[in-house]
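Inspection log for the structure reproduced underneath, given as structure tokens.
Each value in this text was obtained by applying a stated rule to the coordinates, not by laboratory testing. Small disclaimer: the values here were computed from a predicted structure and weren't measured. A quick note on method: Cβ atoms are made from the backbone with ideal geometry, for glycine too, and the neighbour counts reach across all protein chains shown.
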Amino acid sequence: MTDRIGIMGGTFDPIHNGHLLTAEYVRDACRLVKILFIPAANSPFKLEKKVAPAHDRLAMTRLAVADNPYFEASDIEMCRRGVSYTSDTIDELHRQFGRRATFFFITGADAINALPSWHASEHLLASCHFIAATRQGTKLDMAHLREAFGSLCERHIHQLTTPELEISSTEIRARIRAGRSVRYMLPAAVADYIKKEGLYR
Ligand code: ATP
Ligand code: MG
């Protein structure tokens, strides 16, 4: 038996309750022993965008997961130079954990539909499982995925309907800038950190 470990990757600018709810729901549904939250240093999807400093995003992620014994924040992408490719991260995790771990990368169905365009996507899909968290109604484009990955996609891509909170980091940043309330959208400890450090003003 290997340990089933979930990976929640993102910019986490800032981390919010949508991320946390999804992670906890998937952990329980898929019997994962833990979830690693990995803030991207330089997301390939956000290279042009201005994001909060990596150390702040990591600090907020640490605060957000502190009260859940199954959650852990990881600085694995922050310790690496260059663009944060998921396939490099999974390779590194395999080196760290050895053969005892199986990794489950948790992400939205829309991101999975775009998986064929990710860096080293075939190698990536061979080295971990994907949990496509979908809301009621949204579907994986299995025909497109099968074309790109063949039979591997049935074995390594799993769809799970999850309850979804309509929260995005973009909306939280905009609300903070406008002086509006973000209470209950993200953990209080994260909101306090944002206030103390004057982020997103
Ligand atoms: P931004 O608005 O800056 O793009 P975001 O809220 O989408 O931020 P990301 O850091 O881009 O957050 O997302 C990281 C991961 O969390 C992605 O896999 C994304 O699909 C997922 N995610 C984002 N928002 C939610 C939500 N409300 N519920 C569940 N999962 C979410
Ligand atoms: Mg996003």
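What size of dipole, in debye to the nearest 20, comes out for the range 3-166 about its Cα centre when the only charges are +1 on Lys and Arg C-beta atoms and -1 on Asp and Glu C-beta atoms?
About 280 debye.
Under 10 Å, Cα contacts only: if you run a Gaussian network model on the chain, which one of 163, 39, 69 comes out with the highest mean-square fluctuation?
69
What length, rounded to one decimal in nm, is gained on full extension from residue 166 through to residue 135, with 0.36 nm per residue of separation minus their alpha-carbon distance?
In short, 10.1 nm is gained.
Give me the extension gain from residue 111 to residue 78: residue separation times 0.36 nm, minus the current Cα-Cα distance, reported in nm with one decimal.
Net length gain for the segment: 9.7 nm.
If each residue of separation counts as 0.36 nm, what is the full-extension length gain between residue 192 and residue 121 once their alpha-carbon separation is subtracted?
Gain in length upon complete extension: 21.8 nm.
Please order 149, 97 by the number of other Cβ within 10 Å, starting at the fewest.
Placing the least packed residue first, the sequence is 97, 149.
Lysine pairs in the chain 8 or more apart or on different chains: how many have alpha carbons under 25 angstrom apart?
So the count works out to 6.
Most exposed first by the Cβ proxy, i.e. fewest other Cβ within 10 Å, how do 78, 185, 60 rank?
So the residues, fewest neighbours to most, are 78, 185, 60.
Cα gyration tensor of the range 3-166, axes a ≥ b ≥ c as square roots of the eigenvalues: rounded (a/c below 1.5), prolate (a/b > b/c) or oblate?
Here the range 3-166 falls in the rounded category.
Rank the residues 190, 182, 33 as a footprinting-exposure proxy: fewest other Cβ atoms within 10 Å of their Cβ go first.
33, 182, 190
Please give the FRET efficiency for residue 180 paired with residue 152, using the beta carbon to beta carbon distance and R0 = 45 Å, rounded to the nearest 0.05.
0.50
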